[in-house]
1. Tell me which residues, restricted to region 60-87, are among the basic types (Lys, Arg) and in contact with a helix residue (DSSP H, G or I) (Cβ under 7 Å, 6 or more places away or on another chain).
2. Out of the residues in region 57-72 meeting the condition of being aliphatic (A, V, I, L, M) and part of a helix (DSSP H, G or I), tell me which one is farthest from Glu35 (Cα to Cα).
3. Limited to region 1-56, what total is found for residues that are hydroxyl-bearing (Ser, Thr, Tyr), part of a helix (DSSP H, G or I) and under 21 Å from Leu67 (Cβ atoms)?
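Read-outs: derived from the displayed coordinates by stated rules, not from any lab. What you are looking at is a predicted structure, and each value in this text was computed from that prediction instead of being measured. Ideal geometry is used to build each Cβ from the backbone, glycine not excepted, and the neighbour counts take in all protein chains shown.
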Amino acid sequence: MVGTTKIARTGQDISAALRELSPEEAPEFEREYREALVRAADTLDLTESESVLTRWWGIAALRANPLTEEEVDLVRRFRAGEDVGRPFTTVRAAAESTAL
């Protein structure tokens, strides 16, 4: 059985994971998250910053735990509109992600 690498849903941990696993994406995350936090400070609304954090948390998790060839094929079939059986949350999340 393959283990799963868990990443805490914090800006600091997501940044650290991306710097290690996908260094070209880390600055993009940091810029997006900082910009969202600046807007949150002005509006007192964390919705955007939470959305940025959630999206990049998923990307970092995919970088830390790449999909198997079988999972990639399942996502491809799902995106093509094929009925892949019961709806798998992971398949949906991966299919909706631009991270693949």
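1. Arg63, Arg79
2. Initially, region 57-72 is screened for residues aliphatic (A, V, I, L, M), giving 59-62, 64, 67, 72.
Then drop every residue that is not part of a helix (DSSP H, G or I), which leaves 59-62, 64, 72.
Details: Ile59: 18, Ala60: 19, Ala61: 22, Leu62: 23, Ala64: 25, Val72: 32 Å.
Only one residue fits best here, namely Val72.
3. Taking region 1-56 and keeping what is hydroxyl-bearing (Ser, Thr, Tyr), we get 4-5, 10, 15, 22, 33, 43, 47, 49, 51, 54.
Then drop every residue that is not part of a helix (DSSP H, G or I), which leaves 15, 33, 43, 47, 49, 51, 54.
If we keep only those that are under 21 Å from Leu67 (Cβ atoms) as well, we get 54.
Number satisfying all stated conditions: 1.
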